Amino acid sequence: MQNRQLGPFQVGAIGLGCMNLSHAYGAPPSAEQGERLLLAALDAGVTHFDTAALYGFGANETLVGRVLKPQRRNLILGSKGGMAGVQFEEGIKRVIDGRPEAIRRNCEDSLRRLQTDWIDLYYLHRWDKQVPVEDSVGAMSDLVRAGKVRSLGLSEVSAATLRKAQAVHPISAVQTEYSLWTRNPEIAVLDACRELGATFVAFSPVARGFLCDALHDVATLDGKDLRRTMPRFSPENYAANLKLLPPYKALAQEAGCTPSQLALAWLLHKAPHIIPIPGTTRVDHLTEDLAAADVKLDAGLLQRLESLINEKTVAGNRYSEQSSREVDTEVF
Ligand SMILES: NC(=O)c1ccc[n+]([C@@H]2O[C@H](COP(=O)([O-])OP(=O)(O)OC[C@H]3O[C@@H](n4cnc5c(N)ncnc54)[C@H](OP(=O)(O)O)[C@@H]3O)[C@@H](O)[C@H]2O)c1
């Protein structure tokens with residue numbers, strides 16, 4: 001696979017999002033299946049793995065840390081703090097907390113679960129709107145100085161917030177949702193990243209399965225699947241969105257690739273500072289997704305693709321109102 005620059009590191013052009021092995025889309029796979037997937041990724045030459053304190057409330061870091069440990073020095077490991085599970089009387093809940101003491105605690109917990117002395121790329125998972133981003137990033141820069149993390153990233157921030165953070169410490173990467181059906185980063189964040197020398201890490205790059213032609217009936221989703229809370233996956237909106245798939249699949253056929261590969265290849269063609277991190281629980285899907293790095297798309301096809309699937313042709317918002325309030329949509 002071709003390499004791309006991720007902050008100060010060289011990594012494969014497509015990384016692996018590990019969230020799905022413990023979190024998000026219904027019942028997670030067994031630990032054995034998760035381990036198989038991670039080992040297959042290593043075998044396939046994946047060099048960049050993405051996890052977070054939040055995923056499975058620590059279970060994802062525990063799995064990733066255990067399986068990747070023998071190869072630790074040869075890999076770039078990204079993790080995230082500032083949003084994690086907190087134990088309450090009624091159970092564990094997800095809490096956004098960007099105070100310096102929370103960041104320090106999150107990082108120590110992540111290092112322990114990951115069985116490592118350092119995290120290569122440490123992201124602020126969400127900007128906590130109660131805390132100036134400069135304070136959170138200040139705490140993260142102390143972690144760099146202490147040798148606990150090697151570079152810093154932000155997730156789901158506006159260009160304005162990125163610039164504020166950059167004034168405190170160089171930001172190596174911004175990780176935000178970006179795919180054919182989620183184009184917000186095109187307003188300003190992609191340009192700001194290019195200008196500041198930060199890599200843009202595209203999460204949910206295959207539209208959480210929609211662009212893989214893998215989900216035809218949202219009624220089949222598990223009761224706990226996060227997509228049930230997302231307006232684009234409501235039965236009405238999804239039915240409208242499914243009408244985009246036949247012409248989309250025809251474009252994939254024309255490009256000589258699968259629908260999932262077309263979504264990833266489009267991202268790789270958009271700019272050299274973009275790295276997609278698809279997530280999967282299946283080795284066959286992993287193999288398929290990684291091969292997207294070799295797909296070539298011509299300008300005419302790219303144009304037809306972009307006019308077919310974009311925020312105007314898609315029905316429904318990407319996030320619920322509650323989740324939208326948690327991301328930084330103030331100024332792009
Ligand atoms: N920073 C943040 O706030 C944030 C938020 C969300 C995600 N992320 C990161 O981004 C990563 C990826 O995002 P994501 O998982 O939300 O979305 P995604 O990668 O767009 O989609 C994942 C879904 O697509 C399916 N899929 C993937 N490749 C496929 C293929 N070739 N054929 C059929 N189905 C396929 C997977 O199912 P199968 O398991 O069946 O393959 C899964 O349901 C996560 O793992 C996580 O690391 C970060």
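No value in this document is a laboratory result; all are computed from the given coordinates. Bear in mind the structure is a predicted one, so any value in this text is a computation, not a measurement. Here the Cβ is made from the backbone with ideal geometry for all residues, glycine too, and neighbour counts use every protein chain on show.
Can you give the helix-only mean residue ellipticity at 222 nm for the chain, where every DSSP H stretch with n ≥ 4 adds -39500 (n - 2.57) and the sum goes over all residues, rounded to the nearest 500 deg cm²/dmol?
The helix-only estimate for the chain comes to -11000 deg cm²/dmol at 222 nm.
Using a cutoff of 8 angstrom between alpha carbon atoms and counting only pairs six or more residues apart, the relative contact order for region 206-327 works out to 34 percent.
Approximating the spin labels as points 7 Å out from Cα along Cα→Cβ, the GLU134-to-ALA239 distance works out to 5.2 nm. Relative to the current alpha-carbon distance between ARG94 and GLN33, full extension at 0.36 nm per residue lengthens the span by 19.4 nm.
Once the Cα-Cα distance is subtracted from the 0.36 nm per residue extended length, the GLN2 to ARG73 segment shows a gain of 23.6 nm. Overall shape: rounded for the chain, with the ratio a/c of the largest to smallest alpha carbon gyration tensor axis below 1.5.
Okay, which of region 232-274 sit inside 16 Å, backbone N to the point 7 Å along the Cα-Cβ direction of ARG304? What the label zone holds, given the 16 Å backbone N cut-off, is 244-259, 262-263, 266. Using Cα springs under 10 Å in a Gaussian network model of the chain, which residue among GLU89, GLU134, GLU101 shows the largest mean-square fluctuation? With Cα springs under 10 Å in the chain, the top fluctuation among GLU89, GLU134, GLU101 is at GLU89. Taking a ≥ b ≥ c as the square roots of the Cα gyration tensor eigenvalues, region 206-327 comes out prolate, since a/c reaches at least 1.5 and a/b is larger than b/c.
Using a Gaussian network model of the chain in which every pair of alpha carbons under 10 angstrom is joined by a spring, one finds that among ASN310, ASN106, ASN74 the greatest mean-square fluctuation is at ASN74.
Of all DSSP-defined beta bridges confined to region 42-116, some 65% are antiparallel rather than parallel. Overall, the anisotropy analysis places region 1-125 in the oblate class: the square-rooted eigenvalues a ≥ b ≥ c of its C-alpha gyration tensor yield a/c not less than 1.5, with a/b not exceeding b/c.
For the chain, what relative contact order do you get, as a whole percent, if you take Cα pairs closer than 8 Å and at least 6 residues apart?
20 percent
Angle between the Cα long axis of helix 133-145 and the longest principal axis of the chain, 0 to 90 degrees, nearest 10? Orientation of helix 133-145: about 70 degrees from the principal axis.
The alpha carbon centroids of region 285-300 and region 178-228 are separated by 17 Å. Just checking the listed ones, LEU124, LEU302, LEU268: in the Gaussian network model of the chain with Cα springs under 10 Å, the one fluctuating most is LEU302. Here the chain is treated with +1 on each Lys and Arg Cβ and -1 on each Asp and Glu Cβ, and its dipole about the Cα centre works out to around 340 debye. Using the alpha-carbon atoms, what tilt in degrees (0 to 90, nearest 10) does helix 259-270 show relative to the longest principal axis of the chain? The answer is roughly 60 degrees.
When DSSP beta bridges are limited to those with both residues in region 16-171, what percentage is antiparallel, rounded to the nearest 5? Could the numbers behind the result be given before it?
Values: 6 of 19 bridges.
Approximately 30 percent, going by the DSSP bridge assignments.
Ordered by the number of other Cβ atoms lying within 10 Å of each residue's own Cβ, fewest first, LEU121, LEU301 fall into the sequence LEU301, LEU121. In this structure, ASP222 and ARG163 have a Cβ-Cβ separation that, at R0 = 51 Å, corresponds to a calculated FRET efficiency of about 0.80. Sorted ascending by nearby beta carbons within 10 Å, beginning with the fewest, VAL295, VAL64, VAL137 become VAL295, VAL137, VAL64.
Normalised by the number of residues in region 1-86, the mean separation of alpha-carbon contacts (under 8 Å, six or more apart) gives a relative contact order of 31 percent. Rounded to the nearest 5, the antiparallel percentage of DSSP beta bridges internal to the chain is 30%. Less than 5 angstrom separates the built amide H of VAL149 from those of ILE119, VAL144, all sequence-distant by 5 or more or on a different chain.
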